[in-house]
Amino acid sequence: MKHILIIDDAATVRLYHRNILEAAGYSVDEAINGIEALEKALVKPYDLYIVDVNMPKLDGYGFLKEFRLQENIKQAPAIMVTTEAGANDRTLGYAAGANLYLTKPIKPNELVAYVRLLLGDLS
Amino acid sequence: MNSLLEQFLSEARDFLQSISEKLMQLESNPNSVPLMTELFRFVHTLKGNSGLFDFPEMTRVLHASEDLMDAVRNGRVNYSNTLADQLLEAMDFVGMMMDEIQVEGKIIKNYSATAAEVAKSLRGLLDSADAVNVPVAIEIYTEEGLAAKAISWAELPELNLPESIAMALYRCVMDGDTVFWLQYTPEPECFFKGEDPFFLARQVPDTLWRNVISTNDASSLAEMDVYRSQLIFQFLTTAPTEELDDLFRYVPDQIHRIKIPALAFVKPNGSVNNQTVDDEFISSALVLLEENNLAGLTRTLLTMLELSAPDLWSSSVLRWVLQCIEVEPDNERMQYALLNALRTQITPDWSSMTPTIKPHEVAIEPVAVRSVITPTIPVISSGLPDELLQIFHTVVNTQREILSLPGKWSAGRLQSVAATLLGCYRTINHVYEIETEAALQLALTEKSPLPLLALLEAALLDVAVVNTPESEIIESLGGRENANRGSEDVVSVGRRSEDAAGASQSKTLKVDQEKIDRLMNLIGEMVVAKNALPYLANRAETVFGVRELAREIKSQYAVINRVAEEMQDTIMQVRMMPMSFIFQRFPRMVRDISRKLGKEVELVLEGENTEADKNIVEALSDPLIHIVRNSLDHGLELQDVRVAAGKNAVGKLIIRATQESDRVLIEIIDDGNGIDPTVIKNKAYEKGLIDEATLERISDQDAVNLVFAAGFSTASVVSDLSGRGVGMDVVRSAVERVNGTVGIESIAGKGTRIYLSLPLSMAVTNVMIIQSNEQIFGVPMDLVVETVRVPRSQVRMIKRKQTTVLRGRIVPLLSLNDLLANDVAQLPNEDDEFATLIVRIHGEHVGILVDNFRETVDIILKPMTGILGGLPGYSGAALLGDGSVLMVLNPRELI
């Protein structure tokens, strides 16, 4: 079973994503900000990260920048999820290390499809 | 006529011919699928071509033909002789319009009624089920509302817009704008017709939202045809109808346009999690609504929104209610319906509701313009369902976007991109896995995304980029023109082979024909001007007595003469056109006429590459058609007659062009029944064209030549004769207008040969200058057989007419002074000899007595204009090198 870390300061969003992903057969952990996410990831590497942008302490960009420098875990794909969908934000996200930039609300089946694709689980 | 149009016409004729050929083949093989497919392709391409121009009637008929052939191809309609007849008729109609375009450069007459009729009868052959499928641009929903219209909500396009855009559009419509849903489905073959769907799509004005989807149904990469458009463009636009009509005027049938009512945008989206919204909340909201306490309602809704996840369907409904309160505060029904939807979890059915239109009540924010373009690069398709394929595209293209970003690249980022791509590739049978790993290693060493990017680009290119055919068609157009000039036999050739030819062609420069004509005129004047130099040399020597200078002028003249002649040759080369220009129409024409007459004819075209001046070639066109028609009509016999006469059952018609020194010789030879001179003689006598004496002694050859006599041909003569003779005098005068001659040889029962001899160019005329009654005149050299001096003693009077015997032949003599009505006798020379110009008039030799011969010169013959233009006996005037005017005689008219 593959592990996914959901990083979001909003509990609802975390739950929303958790429900979807668990229903799709993934094991899910949560972090409420970038710092906590880094700590968790260093203890237990995840296969995929779903990252919110606006978070206290360390936001999504900051998290991704740090994360991409950490040995052993840095190569995992990351999906950035946000409500703002400006083109500039996307580029910022990509530059920080995101592999995909999705705009909320994401339809459950869409999210599952993206996750499966990134994890190579579609075949 | 512009070259594109010319190209279109010439190609279209090929297509028309191929179409009729294929139809004939189908007649004997009615179930051949390849034939039908090919036939469809011809009609289809022809239609597409016609769409490039503004010939709506033509396109309309071709479109109907295309639909019909499509139905035949797919087995929905059975091939029948009636169908073939109708199609042929339609193609003839198209051909007729093309003739008009050829002549006039555009369609002048109004064919819309005929076109409609032809198209209707074609469509009549399609069964009713197909008739429904005929795409038409429809407009539904007027300002009056929705319910009154015949077309239901169900027929509105499925709009899956992001909420923010939907809201912006909703506001737009409420603000009084008209929003059209526009779907543009380019024809699959559009790339081959010079259409540029991307360009068109980009041109759509006032786009609020657009989308590109694929119609790709190929299940594997190998099956996908990247030369066909598989795209559907969708737009939401506020552009006025006229603008859209104008933009898509050439592809109106590829456009589907629907006016969207505001409520169609009100479509909450989000996830339905079975989490029903608290019933109490809904009730209290409804109460507030009933009390018309909109402020209170807004507060309640906002609170509720804060409590719900934003991506829920119910949250979306809440936002829509707020939007509605803001834009249409009075539309209680809508607000109620939305709130009620929170209970039912079903989007309200707006079909029964008319929005209240309250324009300008609320200040409208600028519309969020956003392009949602689904990636169009045809990445490896893999049997993934459509939605997944889209997601696949998004992810792959995003990685490309990421890899193209500038800046420093950490190993982690490179690895994550590679990991993402690997995830994608794993979905499609692990392709590119090894390559990606290798590229990643390289990228990590170089600390650069380029190796990964290069691989990704290559992977995408692997399936070819969509707009390749565009450049290809441009190349092939260029190549085609040249190919037309040179090729032996212009048939509709495969595009590929043309490309090869096009690539190796030297560069072609397109020049306005007028400029060439102007250049031609100038060089003509130059040729004449240089003729002044010998005069000058002469004057230098005789008048001023400077022999040295005279010699220098003469040597300089030799140089200028050589350069001028070379220039003249070169410019004439530019104007040269191959005979194939007029020959190419004969196959279809001969086929049609012979079919109509029930004759079997084999047409042989020879020397299509023989070139002549453009004017000459064009002037030849009509006379040739005339002659060929005559040959088919009156020359070649019916099959059984031929067999009975012991001839080959299939008649043979040869049209041959050859170049003989500075003239082009065109021969039209048939092996038909020839012309019976006796019949001609008698007819000519009956018509009073010859007198009894002539009837007695006229040779057979001379008798045959009588067909050229003016007034010989009338309809009755033709039918009586069942030989040829239709308007041959017309042919002759047309040929003579360009200084050509025409002759005929015929052996009764064996066949006929008609030959036209034409100058290569008519810009510069070579004339002989003669002197008579103290004036000088020019006589075109191509009429002059020889010049002789006839001693007075040799001039005999026969039947009160002057004649002489020249090499055993009696030659009538005419005095130029007499012909010009000067009451002066011609002057003989010291030896009492008359200078006599022997000219050939209509095949007969005639001697013209003049006072003296002078030199021959090249002149530019200018036809006389105004009142002088009506002067018979002169072909025109020209300026001589010394500045004097030379009147050029036209002996044909004179005698």
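The values are calculated or read from the model by the stated rules, or taken from the named source; none is laboratory data. Please read all numbers here as calculations on a predicted model, not as lab measurements. Every residue, glycine as well, gets a Cβ built from its backbone with ideal geometry; the counts of neighbours run over all protein chains shown.
A few comments on the model shown:
- Qualifying residue in the range B:596-605 (condition: of a type in the set (A, V, I, L, M) and at pLDDT below 85): yes
- Filter result for B:V857 (part of a strand (DSSP E or B), under 30 Å from B:I744 (Cα atoms) and of a type in the set (A, V, I, L, M, F, W, C)): no
- Subset of the range B:842-872 (residues that are under 43 Å from the mean Cα position of the chain (by Cα) and without any contact (Cβ under 8 Å) to a residue 60 or more places away in the chain): B:K862, B:P863, B:M864, B:T865, B:G866, B:I867, B:L868, B:G869, B:G870, B:L871, B:P872
- Qualifying position, being at pLDDT 80 or above and of a type in the set (G, A, S), among B:A262, B:A309, B:A285: B:A285
- Checklist (1) surrounded by fewer than 21 Cβ atoms within 10 Å (Cβ to Cβ); (2) within 14 Å of another protein chain (Cβ to nearest Cβ) applied to A:L64, failing item: (1)
- Selection from the range B:725-762 of residues that are part of a strand (DSSP E or B), hydrophobic (A, V, I, L, M, F, W, C) and surrounded by 20 or more Cβ atoms within 10 Å (Cβ to Cβ): B:V742, B:I744, B:I754, B:L756, B:L758
- Condition met for B:G743 (at pLDDT 85 or above, in contact with a strand residue (DSSP E or B) (Cβ under 6 Å, 6 or more places away or on another chain) and not assigned by TED's automatic domain parsing to the domain that holds B:V885): yes
- The helices (runs of 4 or more DSSP H) found wholly in the range B:635-699 and carrying at least 2 residues that are in contact with a Leu (Cβ under 7 Å, 6 or more places away or on another chain) and more than 18 Å from B:L603 (Cβ to Cβ) occupy B:677-686.
- Top-ranked residue of the range A:103-114 - restricted to ones that are out of contact with any helix residue (DSSP H, G or I) (no Cβ under 6 Å at 6 or more places or on another chain) and without any contact (Cβ under 8 Å) to a residue 24 or more places away in the chain, ranked as nearest to the other protein chains (Cβ to nearest Cβ): A:P105
- When B:Q254, B:Q230, B:Q234 are checked against the criterion of being within 27 Å of the chain's Cα centre (by Cα), under 29 Å from A:T103 (Cα atoms) and not assigned by TED's automatic domain parsing to the domain that holds B:R41, a single residue qualifies: B:Q230.
- Selection within the range B:305-323: residues that are surrounded by fewer than 23 Cβ atoms within 10 Å (Cβ to Cβ) and away from chain A (no Cβ under 13 Å). The member of this set that is farthest from the chain's Cα centre (by Cα) is B:L322.
- Checked against (1) touching a Phe, Trp or Tyr at 6+ places or on another chain (Cβ under 6 Å); (2) more than 14 Å from chain A (Cβ to nearest Cβ); (3) on the phi > 0 side of the Ramachandran plot, B:G270 passes all but condition (2).
- Matching option when the condition is part of a loop (DSSP other than H, G, I, E, B) and either farther than 30 Å from B:L522 by Cβ or under 49 Å from the mean Cα position of the chain (by Cα) (or both), among B:A878, B:A825, B:A835: B:A825
- Criterion violated by B:V327 - all others in (1) modelled with pLDDT under 80; (2) of a type in the set (V, I, T); (3) buried (at least 17 other Cβ atoms within 10 Å of the Cβ) satisfied: (1)
- Residues in the range B:654-708 that are acidic (D, E), surrounded by 14 or more Cβ atoms within 10 Å (Cβ to Cβ) and more than 41 Å from the chain's Cα centre (by Cα): B:D676, B:D700, B:D702.
- Taken together, B:V417, B:V431 contain a single residue that is closer than 25 Å to A:R116 by Cα, in a loop (DSSP other than H, G, I, E, B), within 14 Å of chain A (Cβ to nearest Cβ) and modelled with pLDDT of 50 or more, which is B:V431.
- Yes/no for B:P378 being part of a loop (DSSP other than H, G, I, E, B), under 49 Å from the mean Cα position of the chain (by Cα) and at pLDDT 80 or above: no
- Which listed residue, of A:L117, A:L100, is modelled with pLDDT of 85 or more, within 12 Å of another protein chain (Cβ to nearest Cβ) and within 10 Å of the chain's Cα centre (by Cα): A:L100
- Candidates B:E117, B:E89, B:E104 - the one that is modelled with pLDDT of 80 or more, in the same structural domain as B:S50 (by TED's automatic domain parsing) and over 22 Å from the mean Cα position of the chain (by Cα): B:E117
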